[in-house]
Amino acid sequence: MTAPGPRILFVTESFWPVLGGGETHIRDLAGRLVARGFGAHVLTRRTDPAWPASEDAAGVAITRVGPTGPGRLKKYALALRILPALCRLAHGCDVLVVRGTRVLGLPGLLAGSWASRPVVLQPEVNGELSGEVYTWGTRLHRSLPRRIVGLLVRARNLLFRDAAAGVAMSRLIAEEIAGARFPPERIALIPHGVDTRRFRPRTLEEKAALRSALGLPADVLVVTYTGRLLRGKGLETLMTAFGRASSREPRAHLVLVGSGAGQVLSNEDELRAQVARLGLDGRVTFAGRVDAVEDWLGASDLFAFPSEFEALGLSLIEAAACGLPCVGSRTGGIVDVIEDGRTGLLVPPADAEALADAIEGLLADGDRREAMGAQGRARVLERFDVEVSVDRYRALFQELAARRR
C-alpha cells in the first residue's frame, strides 16, 4: 500500500473565490497535489463575511479568518489575526508554504519554528525581497525613503533565510532571493504552469462559434486582456494605445476580461469613463468576471498585457497556450514568457505610443500573428505546462517532508 503524501499547509492573504493569478495558482496546485495523494489545507483571509469560515473544495480544506472587509489596513492586520490558527494548523502539516512575504512571511516563519515544520517562502510579486514593492507607485518612491525601507527589508531578510526554501516564479524573483543571501541550494525556480489541454488554440470554425456565443462581432480583430482591472496593470495605457491603433485599424475591438469590484486598487470606473472620453463606445467590451477565460481567449486574435509591475503573469501564459501572439511590458517575469520578436513583442512600461505601434503592426499582419502564436504555444509546452510545475513542487515538498522526519 502506498504511503500517503505529505500534508501541505498553504498560507495566503487572498484566495478563491477571489480571481487572480496567484489565487488560481494555489487553488490549482493544491487540487492537483490532492489528486496525487497529498493532503492540502489553505489558510487565508475571510475578505467577505458572507464566505464560510471553513469548507472543503474538491478535497482541499479551506480555513478563513478575519479581519473581514476591504482595505489595505485590514490586509496587514491579518499578520496578527492569523497567528492562532496558523500555529494550530502548522502542527498538522508536514510543510508550510507562505504565498506572499509582505504580510505573512514573518508569521509563517514563527509558526514553522513553533511547530518545527519546514517553511517555503513564495514571493507573489517581484520587489518583495529587494524592498522595491513597498515604495513603487507611492510618494515614498524617493531616494531617502527607499534607503530606509531597504535597511528594514535587509534586516527582515536575515530572518527569512531560516526558511527551508524560497520558490521563485520568475528569473527576476530568483535573483532577488539570491540577493537576500539565501543559500543557493534553497532557491527553486518553478514558474506557474497552465493546463495546456484547457488552454489550447482554436480552429477558425471554433473561433467563429465562440464569438457568436459571446456576442462579439464576427468581422473584427479582437485584442484581449484578462486579469483584474487594477491600477498598476497598465490598463489606462492600453486604452490610450488602443484608441490610437483603432483609429488606423477600423476592425480593431478591445475586450477586457475581469473586474475590479471589491479591490482597493480598482480602476474599472475610470476605464469606463476613459472609453467614453476617447469615443470608443461600441469598440470596447467589458466582459466582467468569468470562469471560462479560455473561451474569450479562443475568440481572440491578439493578447495585450501592459502591466507596469508583474511577477510573471499567469494570464499571459494562458494566452500564449491558446496560440495568441502577445504584446507585453518589458518588466518583471513578463520577459520570461514573451521572447521579443519571436513569440510576441515587448514594449517599455507605460509607453502608449510603443504599445499602439506594436498592436497596430500585429493586427495588420495575420501571417506574423499566426507564426508568433505557434512559437508562443511551443514555449508554453516546453516551460510552463502545469504537469511539469506540479511535479517539481511535489518533489520539493517530498524532499522537505522527508528531511524533517
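What follows is calculated from the coordinates using simple rules that are stated; it is not laboratory data. On a predicted model such as this, the values are computed, not experimentally measured, just so you know. Heads up, the Cβs are rebuilt from the backbone with ideal geometry, glycines too, and the neighbour counts pull from every protein chain shown.
Miscellaneous remarks
- In a reduced charge model with +1 at each Lys and Arg Cβ and -1 at each Asp and Glu Cβ, the chain shows a dipole moment near 1680 debye about its Cα centre.
- The chain: angle of helix 21-35 to the longest principal axis, Cα-based, in degrees nearest 10: 60
- Magnitude of the charge dipole for segment 204-383, about its Cα centre and with charges confined to Cβ atoms of Lys, Arg (+1) and Asp, Glu (-1), is about 160 debye.
- Cβ-based net charge around Pro306, under 14 Å, with every Lys or Arg adding one and every Asp or Glu removing one: -1
- Helix 143-160 axis versus longest C-alpha principal axis of the chain: approximately 50°, rounded to the nearest ten.
- A straight Cα-to-Cα reach below 24 Å connects Lys233 with the lysines Lys74, Lys75, residues fewer than 8 places away in its own chain not being considered.
- Calculated [222 nm] ellipticity per residue, helices only, for the chain: -13500 deg cm²/dmol; basis is -39500 (n - 2.57) per DSSP H run with n ≥ 4, divided by all residues, nearest 500.
- Peptide packing: for 50-58, 237-245, the average count of neighbouring Cβ atoms within 10 Å per residue gives the ranking 237-245, 50-58, highest mean first.
- Considering all different alpha carbon pairs of segment 204-383, the Kirkwood hydrodynamic radius works out to 15.9 Å.
- For the chain, the longest principal axis of the Cα atoms and the long axis of helix 101-115 meet at an angle of about 30 degrees.
- When both segment 164-181 and segment 48-81 are represented by their alpha-carbon centers, they are found 27 Å apart.
- Charged-residue dipole, Cβ positions (Lys, Arg, Asp, Glu), segment 1-146 about Cα centre, Debye nearest 20: 400
- Only one residue of Ile82, Pro123, Ala111 has its Cα farthest out toward the positive end of the dipole of segment 44-141, where Lys and Arg carry +1 and Asp and Glu -1 on Cβ, and that residue is Ile82.
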